[in-house]
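Just so you know, all these numbers are worked out from the coordinates, no wet-lab data involved. Every value quoted in this text rests on a predicted model; they were computed, and no experiment measured them. Cβ placement follows ideal geometry from the backbone for every residue including glycine, while neighbour counts extend to all protein chains displayed.
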Amino acid sequence: MTAELPAEKPAIVPLFGLRPAPSAAGPRDQRPGISGLAPGELQAWMQVNGHPAFRARQVLDAAWRGKQTTFAEIHTLPPVIREALDEAFRLDTMAETEVLVTDGGLTEKALHRLSDGLLIESVLMHYPARDATETRAANRERHTLCISSQAGCAVGCPFCATGELGMERDLETAEILDQVRNASRRLVAQGKHLTNIVFMGMGEPLLNLDRVLASIEALNDMARFGLGARHITVSTSGVVPGIRRLTALGPQFTLAVSLHAARNPLRDVLVPLNRRWPVEDVVAAAREHAATTGRRVTYEFTMIDGINDTDADADALAVLLRGDLAHVNLIPMNQVAHTPWTGTPIAVVERFAERVRAAGIAVTIRFNRGTEIGAACGQLAAEHAGQPTPIVVQRRRERIVAESAAALRGERSSEPVPAGTGEGSA
């Protein structure tokens with residue numbers, strides 16, 4: 001029998017991360033990013049500053065459909081307006097972008113440097129069209145972009161490279177959207193376009209929910225990016241108030257829950273946010289979301305060899321989700337440099353999948369992309385951060401081993417909840 005959670009709220013401690021130095025190199029540019037402005041806001045600015053309102057449309061066309069990265073390149077505007085815009089706004093909040101390509105060109109990892117020196121990542125994944133066979137349906141060509149919502153992450157999952165970085169700050173709306181604009185420009189140059197966007201990069205989207213929702217509004221807006229809500233997925237590690245807020249708003253995008261374990265003792269370790277909102281509460285909120293919106297919830301399950309891939313874990317997952325409007329993605333863990341775990345062998349993943357499917361739950365096995373270039377969340381940014389000392393690495397590995405061993409014995413974690421996870425967005 002497992003121990004019950006204490007009635008009082010668990011303690012909270014700051015999550016500084018494993019790496020020894022923050023990546024911020026200077027003050028943040030205080031000029032707002034133009035992509036974060038609604039059309040009405042830009043029109044109002046034009047009028048207040050004595051410029052015709054129709055100039056706002058020209059700026060937004062350049063921002064969302066052009067190749068320009070500076071106002072000086074928007075030649076449809078007179079010089080006086082270009083100069084005024086440059087003083088008040090930024091056309092691109094990405095100060096620098098480095099793109100690495102792997103998987104025969106099917107995966108592109110972008111490392112973006114922000115104005116204050118912080119690093120964030122986005123990953124563009126290409127899926128060629130395929131014909132139908134006897135066992136699978138035909139698929140159209142797809143181009144999916146995974147974007148970040150925070151620089152770093154407060155949740156601190158031990159198998160995630162972003163967790164090593166700790167939490168730096170929330171991204172501005174424009175910093176979220178400019179990841180999309182950057183990838184879109186690369187695709188448009190090839191005569192292609194983005195078909196799907198997933199908020200599954202660095203950070204916990206529901207801990208920056210206002211800006212994530214503002215970003216989705218811009219992405220949906222036909223006057224700006226014009227992507228349908230059903231082509232957008234928002235992921236969460238289990239911020240229950242944020243899920244409930246999304247449900248109340250009733251958007252039609254897909255909700256994805258980073259589950260990773262169906263038993264509380266183990267999820268306390270793998271997803272420290274579980275110490276605040278246990279797995280039953282997370283799934284209950286997701287279940288309500290599915291019932292209200294009619295949209296199937298996706299559950300992400302990173303599989304770690306000998307940790308969360310047993311028959312008992314599969315059975316617990318089946319019991320937790322049985323009868324729900326849900327789909328499970330099983331993903332073998334990407335190797336993280338300072339974690340003592342490895343990904344589950346594919347034969348074990350397949351056995352796990354069959355056991356869950358036997359309970360009537362849809363399951364897909366997702367294979368890792370971009371392992372050669374560190375395409376897993378936070379890996380490139382972590383590589384650019386300072387290396388932790390050997391003693392810090394040793395102590396972290398020892399702590400993870402001890403905590404996971406206790407979890408496998410059914411013991412709930414007594415560790416505090418990381419700071420920065422707050423109460424979520426009510």
| said: Please compute the length gained on full extension between residue 28 and residue 217, using 0.36 nm multiplied by the number of residues separating them and subtracting their Cα-Cα distance. | reply: 65.6 nm
| note | Least to most buried among 271, 48, by other C-beta atoms within 10 Å and fewest first, runs 48, 271
| remark: Two pseudo-spin positions, 7 Å from Cα along C-beta at residue 140 and at residue 405, lie apart in nanometres by 5.3 nm
| segment 74-209 shape via C-alpha gyration tensor axes, a/c threshold 1.5 | oblate
| note | Taking the alpha-carbon centre of each part, the distance from segment 313-328 to segment 92-163 in Å is 28 Å
| request: Starting from the Cα-Cα distance between residue 87 and residue 67, subtract it from 0.36 nm times their residue separation and give me the gain in nm to one decimal. | output: 5.2 nm
| message | Taking 0.36 nm per residue of sequence separation and subtracting the Cα-Cα distance, how much length would be gained by fully extending the chain between residue 358 and residue 129, in nm to one decimal? | response | 79.4 nm
| query | According to a simple spin-label model (label point 7 Å from Cα along Cα-to-Cβ), what is the distance in nm between residue 98 and residue 366? | reply | 2.6 nm
| said: Once R0 is set to 45 Å, what does the formula 1/(1 + (r/R0)^6) return for the Cβ-Cβ distance between residue 414 and residue 193, expressed as a FRET efficiency to the nearest 0.05? | reply: 0.35
| field | Which of 298, 173 has the fewest Cβ neighbours within 10 Å, and the rest in rising order | value | 298, 173
| task | May I ask you to derive the relative contact order of segment 34-88, considering only C-alpha pairs under 8 Å and at least 6 residues apart, and to give it as an integer percent? | result | 26 percent
| Roughly how many debye, to the nearest 20, is the charge dipole of segment 25-156 about its Cα centre, given +1 on each Lys and Arg Cβ, -1 on each Asp and Glu Cβ, and no other charges? | 300 debye
| query | Distance in nm between label sites at residue 186 and residue 394, each 7 Å beyond Cα in the beta-carbon direction? | reply | 4.0 nm
| said: Counting other beta carbons within 10 Å of each residue's own, what order do 305, 268 fall into, fewest first? | reply: 305, 268
